[in-house]
Amino acid sequence: MPRKLENAESKAHEAIARKPSISPQPGASEQSRWFVVALLLAINLLNYVDRYVLAAVEPHIRQDLFPDGATNINALMGFLPTAFLLSYMITRRFRLAVGSDESLWIIAAE
């Protein structure tokens, strides 16, 4: 091994060995850590809440759409989340076009 390379390697190893240990100090960094944890917890909570909103209002939807009852009301109400997701997926490109500066055709070509 060339002498220059050995010198460079030994200097690198010495630098790693001399690296000072950095311990977290209480104070602003500790507060920001807890803020990040709380923020991630809130985002996760909202992620789960929006999944259960449809289930929470299902009795009201059932009462409004089928006031006198139907023979297959449970099957129809079970199709409701699927219909919501399908309509959400189909209209995605159009919603992107409305909120974007790009042309609808450019977005559709993606």
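With the simple model of a label 7 Å out from the Cα in the direction of the Cβ, residue 53 to residue 95 spans 1.0 nm.
Simple spin-label estimate for residue 42 and residue 68 gives 5.0 nm between the two label positions (7 Å along the Cα-to-Cβ direction from each Cα).
Each value in this text was obtained by applying a stated rule to the coordinates, not by laboratory testing. None of these values were measured; they are calculated from a predicted model. Virtual Cβ from ideal backbone geometry, glycine too; neighbours counted across all protein chains shown.
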